[in-house]
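Accompanying notes for the structure given below.
The values are calculated or read from the model by the stated rules, or taken from the named source; none is laboratory data. Model, not experiment: these values are computed from the prediction. Note: ideal-geometry Cβ built from the backbone for every residue, glycine included; neighbour counts use all protein chains shown. Remember, those area values only see protein heavy atoms, side chains included, never the ligands or the DNA or RNA. Shrake-Rupley method; radii C 1.70, N 1.55, O 1.52, S 1.80 Å.
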Amino acid sequence: MTPRSPGRRGFVGFAGGLGAAAAIARPSFGAGADGPGSPGSGVPGPRPAELVAAPASARLVGDLAGPTPVWAFNGTVPGPLLRLKRDEVLDVELVNRLPDPTTIHWHGLRVPNAMDGVPHLTQPPVEPGGRFRYRFACPDSGTYWYHPHAGAPEQVDRGLYAALVVEDVDPPPVDREIVWVLDDWRLTREARIVEDFYAFFDVAHAGRVGNTVTVNGRLGDAEAVRAGERVRLRIVNVANARIFALRFEGHRPWLLALDGQPLPRPRRLEPDEPVLVGPGMRTDLVLDCDGEPGARYRVVDGFVRSNAYRVLDLAYATGGPVRAARREPPRAPAPNPLAEPEPGRDPLRVELRLGGGAMGGTRPPDPPQEREARRARRLAGSREADPAWSVNGHAHLHHGHGHPFEFTVERGRTVVLTMRNDTAWWHPMHLHGHTYRELERDGRPVDGRPWRDTSLMAPRETLQVAFVADNPGDWILHCHVLEHHAGGLGAQFRVL
Ligand code: C2O
Ligand code: CU
Ligand code: CU
């Protein structure tokens, strides 16, 4: 195993005693730092006609250090928040001013296959200096995001990402809406990105977990709120690998939507119940600001319990409440027009075994010719991972285009997909082009069978989902720990 690079030493302290699956570092910037001000609440400007991917610089840690050289869409991290109405057409041209080929993937949106942004499978990568026009209607309301799918472990990590909101047809009334784009960075003391992308240690363990957590591209200090407000909070986890379990101290938010899809009835979280958001996943909450004017309440990530840290504070203005408490449950947004899977009517049953990784996983095959070819590509400047993971025994590596299809299904048929996590690690599994219902975990029905496009699987867990394969084309499904996908944790399927 490759030792961790010296650049990380001193920042990353791994939690001991929890087993490898929970080896998550506590961020070093931000722990108790009284840093920069409130993260932006994501108010969109006019919709851009172009998304220019280019090097830029960002004040991620305020005045503590930096600025940080990043890669960004239109010069900011996150990139422009895109806000559309349901069925509205997004028409935007990607302009590549990066030194590397890129694409844009519209995470969670059911786009036509040619717009999905998967290099070599749905489009050729956009070369440096090149352009590509993305144009499609947004069929579903909800919280989504966009990011490159070429060289993703590096490009997303360097700052290429942004939220995309498709407004509800008849949104539940709130006073205000806030978007939190959560990211995790591996920074040096000078706040420069440690450039050890694809390090085999990360690929084969928990992915590239960093040491600095940002909210909307800034070290989280405070989100200003007013007593009595009802706020809709759209949370997007764009981190390569960090899983968040957010606790809102002193508050009991309502769970409104998962991956953009509304629950039939919003559910109030239990006191101290965490909101689990893995990489790629989104959660919409309605937050009733019932705190005391002038007080601060912490929002804590306790995914690794022994290593909980403050992500930011809810900071109440000193003035009196904007209204007397009126706390009827929020109304659910209208459901999206998703085809209902029919697992009882001759579905295609597919089983995917996730294998590999450190701590007991078997390494997937890596024939000497392939190892040799990889060495040659690396000498020529390519950056890629060694195989560490498999799905049904194959590693789905980015450089091996022309993968076999794990399954092929006629358009309109229900697919019942059973994923078995035969590894010692967490995996947020993500499906392209479709939205599925979670049916069962370890054989037990999932409450409410929520719609999702990304599901967090615990070590050794089995998850069964179902969807109607109604979007023709060649698609992928993969772990959204970007290093895991780069190391082989993915598969291709075809809808005829
Ligand atoms: Cu966020 Cu393959 O996607
Ligand atoms: Cu996606
Ligand atoms: Cu994974």
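Figures for the structure shown
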| read-out | value |
| --- | --- |
| From VAL165, VAL179, VAL156, residue being of a type in the set (Val, Ile, Thr), under 16 Å from the mean Cα position of the chain (by Cα) and within 16 Å of ligand 3 (Cβ to nearest atom) | VAL156 |
| Close pairs (6 angstrom Cβ cut-off, 6 or more residues apart or separate chains): at positive phi in the stretch 79-94, open to solvent by less than 60 Å² (accessible area, probe 1.4 Å) anywhere | ASP87/ALA137 |
| Any hit, the stretch 374-392, residues being closer than 22 Å to ALA150 by Cα, open to solvent by 60 Å² or more (accessible area, probe 1.4 Å) and in contact with a helix residue (DSSP H, G or I) (Cβ under 8 Å, 6 or more places away or on another chain) | yes |
| Elements of type strands (runs of 3 or more DSSP E) in the stretch 257-325, at least 2 residues being over 30 Å from VAL169 (Cα atoms) and touching a residue at least 40 places away in the same chain (Cβ under 8 Å) | 296-301, 309-316 |
| Residues being farther than 19 Å from TRP71 by Cβ and in a strand (DSSP E or B) - total across the stretch 110-132 | 1 |
| The one condition in (1) among the polar types (S, T, N, Q); (2) open to solvent by less than 10 Å² (accessible area, probe 1.4 Å); (3) within 16 Å of ligand 2 (Cβ to nearest atom) that THR122 fails to fulfil | (2) |
| Odd one out for VAL465 among (1) under 18 Å from THR122 (Cα atoms); (2) open to solvent by less than 30 Å² (accessible area, probe 1.4 Å); (3) away from ligand 1 (no atom under 14 Å from the Cβ) | (1) |
| Residue within the stretch 412-423 that is surrounded by fewer than 16 Cβ atoms within 10 Å (Cβ to Cβ), under 28 Å from VAL111 (Cβ atoms) and modelled with pLDDT of 95 or more present | yes |
| Single condition GLY319 does not satisfy, out of (1) open to solvent by 10 Å² or more (accessible area, probe 1.4 Å); (2) of a type outside the set (Phe, Trp, Tyr); (3) within 30 Å of the chain's Cα centre (by Cα) | (3) |
| Residue in the stretch 223-238 that is most open to solvent (accessible area, probe 1.4 Å), counting only those that are part of a strand (DSSP E or B) and of a type outside the set (Val, Ile, Thr) | ALA224 |
| Identity of the residue in the stretch 468-485, more than 9 Å from ligand 1 (Cβ to nearest atom) and among the aliphatic types (A, V, I, L, M), that ends up surrounded by the fewest Cβ atoms within 10 Å (Cβ to Cβ) | VAL468 |
| Residues satisfying the stated conditions in the stretch 81-107, i.e. in a loop (DSSP other than H, G, I, E, B) and surrounded by 21 or more Cβ atoms within 10 Å (Cβ to Cβ) | LEU81, LEU98, THR103, ILE104 |
| Qualifying residue in the stretch 326-334 (condition: within 30 Å of ARG411 (Cβ to Cβ) and open to solvent by 30 Å² or more (accessible area, probe 1.4 Å)) | yes |
| Residue tally, condition open to solvent by less than 20 Å² (accessible area, probe 1.4 Å) and either in contact with a Pro (Cβ under 7 Å, 6 or more places away or on another chain) or of a type outside the set (A, V, I, L, M, F, W, C) (or both), over the stretch 149-167 | 12 |
| Residue satisfying condition, being modelled with pLDDT of 95 or more, open to solvent by 10 Å² or more (accessible area, probe 1.4 Å) and at negative phi, within set PRO253, PRO274 | PRO274 |
| Test: residue in the stretch 240-248 that is more than 16 Å from ligand 1 (Cβ to nearest atom), in a loop (DSSP other than H, G, I, E, B) and over 17 Å from the mean Cα position of the chain (by Cα) | no |
| Lone unmet requirement of (1) in contact (Cβ under 8 Å) with a residue 24 or more places away in the chain; (2) away from ligand 3 (no atom under 16 Å from the Cβ); (3) over 21 Å from ALA245 (Cβ atoms) for THR462 | (2) |
| Among residues of the stretch 436-459, those that are touching a residue at least 24 places away in the same chain (Cβ under 8 Å) and surrounded by fewer than 17 Cβ atoms within 10 Å (Cβ to Cβ), counted | 3 |
| Which listed residue is away from ligand 2 (no atom under 16 Å from the Cβ) and under 28 Å from ARG265 (Cβ atoms), from MET429, MET457 | MET457 |
| Flag for ALA72 being away from ligand 1 (no atom under 16 Å from the Cβ), aliphatic (A, V, I, L, M) and open to solvent by less than 30 Å² (accessible area, probe 1.4 Å) | yes |
